[in-house]
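Asks: Got a structure here, written out as structure tokens. Questions coming.
The values are calculated or read from the model by the stated rules, or taken from the named source; none is laboratory data. Keep in mind that this is a model prediction, so the values were computed, not measured. Here Cβ is always computed from backbone atoms with ideal geometry, including for glycine, and neighbour counts include all displayed protein chains. For accessibility, only protein heavy atoms count, side chains too; no ligands or nucleic acids. Shrake-Rupley method; radii C 1.70, N 1.55, O 1.52, S 1.80 Å.
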Amino acid sequence: MTKARLLRLSVVLVSIFMILLIIVYWDNVGTAHFYLHTSFSRPHSPGAIPGITAGEDWEALPDVDEFLAKLLSSSLKQNSSISRKTEQLLVQGSSKPVVSNLEENVRGYDWSTHNARNSLDQEKLQIERQRTLREFCANSSFAFPTKDRSFDDIPNYELNHLIVDDRHGIIYCYVPKVACTNWKRVMIVLSESLLDQGVPYRNPLDIPREHVHNTSTHLTFNKFWRRYGKFSRHLMKIKLKKYTKFLFVRDPFVRLISAFRSKFELENEEFYRRFAIPMLKLYSNHTNLPTSVSEAFGAGLKVSFSDFIQYLLDPRTEKMAPFNEHWRQVYRLCHPCQIDYDFIGKLETLDEDAAYLLQLLKVDRLLRFPPSYRNRTASSWEDDWFAKIPLAWRQQLYKLYEADFVLFGYPKPENLLKD
């Protein structure tokens, strides 16, 4: 009986060990076939980012996490040497990106230099932004949906905005309409997750937009379950503890205006069929609408900003499906009260924040953030856009996005919320 138990125990231990070996092997070899370089390379020291303690021991991790971390660290030397060679190759690339995409030409990038804040001011700014976020996350009198749940309570499908770069130890939570296209490009260059004729992209602006937003291009947290099974949450926690985590945010109302302009003022077949047709039927009493967006625009049938606001406030909207990512609240996309972000950037200070972040990540010699374009939706437009929106709707809309205003330090738009 004792021998039989020992045999069964041996089989179980060998099976577990083989599973872990397969995980390590898959990270180092298997994913190369998909151009997803997800080896567990040691993250570069993030420097003086507030909230990061370089070289911190992993003693606080559970036993399983610690065991996985030690096992996976066996491949670090090989990966770091590969990373160094790649960085030397990237440094040889052009220092000035070449604008090759028609859309980027139309948008008119601003190539002028910008006077960045000095490092001390930037560090103080980050400390203040993180302090504001942590204070309101800890404030029991300030409540919003999902605030009090733990990281383990977040459904896997809600982690699809967390992009991982294992080569440099970076996690980026992307927020649509907050420069996410170019930050995704940066993550592709750093992680080498996409190749051009067998060679990793060196210049972010060389990457076509259709590849940038292809979900197969990026390694995101929601993909961990398929690859690591029951070990996925443990691995996520290891990465969240050791990697540099950042996001970029924007004034919530200005982000809504930008989303409306992008998805409903320009011809977009997908958004016309999924969103514009229902809005026109529900809020503008249109029937027998054209099946294509070009026909609709030709007939002068467009969603108004008022239609869009009604759609956001309509309680039926989210009963049918969650908000689309382009107007979903940041706290629902990035879970800032469950994930302790090391860097909080803002679109309003994009150029300075981006330059400082790349410097802190020690990748500023490899690339630079693509310059901002001049026709960006401005906060000064709010009064004009909301002028025809009833006061009661504006007040309801603020309550809907209040958490994003408060958590990220945006002032309450009193001028829009009073007569």
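Asks: Round to the nearest 10 and report in Å² the accessible area of Asp148, as given by a 1.4 Å probe over the protein chains' heavy atoms.
Replies: Its heavy atoms expose roughly 140 Å² to the probe.
Asks: If you don't mind, there's one more thing I want to ask. Sorted by packing (mean other beta-carbon atoms within 10 Å per residue), highest first, where do 380-387, 140-147 land? Spell out each step's value before the answer.
Replies: Values: 380-387: 13.8, 140-147: 12.1.
Per-residue Cβ counts within 10 Å, averaged per peptide and sorted highest first, yield 380-387, 140-147.
Asks: How big is the Kirkwood radius of region 286-419, worked out from every pair of different alpha carbons and given in Å to one decimal?
Replies: Kirkwood hydrodynamic radius for region 286-419: 18.4 Å.
Asks: Of the listed pairs Lys239/Lys362; Lys177/Lys346; Lys239/Lys399; Lys184/Lys319, which have alpha-carbon separations greater than 22 Å here?
Replies: Numbers: Lys239/Lys362 18 Å; Lys177/Lys346 12 Å; Lys239/Lys399 34 Å; Lys184/Lys319 31 Å.
As for pairs spanning more than 22 Å Cα to Cα, those are Lys239/Lys399; Lys184/Lys319.
Asks: Here's a follow-up. Between region 308-331 and region 213-266, what is the separation of their alpha carbon centroids in Å?
Replies: 18 Å
Asks: Let me have the relative contact order for region 171-295, percent, based on Cα pairs under 8 Å that are six or more residues apart.
Replies: Relative contact order here is 27 percent.
Asks: What do you get for GluC sites (Glu not before Pro) in region 127-166 restricted to DSSP loop and a cutoff of at most 14 other Cβ within 10 Å of the site's Cβ? Display every interim value, and only then the final one.
Replies: Working: sites: Glu128, Glu135, Glu158; in loops: none.
Passing both the DSSP loop test and the Cβ count: no residue.
Asks: To the nearest 20 debye, what charge dipole does region 340-419 have about its Cα centre, counting +1 at the Cβ of each Lys and Arg and -1 at the Cβ of each Asp and Glu?
Replies: In debye, rounded to 20, region 340-419 gives about 220.
Asks: On the protein heavy atoms, probe 1.4 angstrom, tell me the percent of accessible surface of region 291-352 carried by carbon and sulfur.
Replies: Of the solvent-accessible surface of region 291-352, carbon and sulfur hold 51 percent.
Asks: If you average over every viewing direction, what projected area does the convex hull of the Cα atoms of region 144-271 give, in nm²?
Replies: Details: hull surface 39.3 nm².
That works out to 9.8 nm², a quarter of the Cα hull's surface.
Asks: Give me the dipole magnitude in Debye, nearest 20, for region 120-272 about the Cα centre, with unit charges on the beta carbon: positive for Lys and Arg, negative for Asp and Glu.
Replies: Result for region 120-272 is approximately 620 debye, rounded to the nearest 20.
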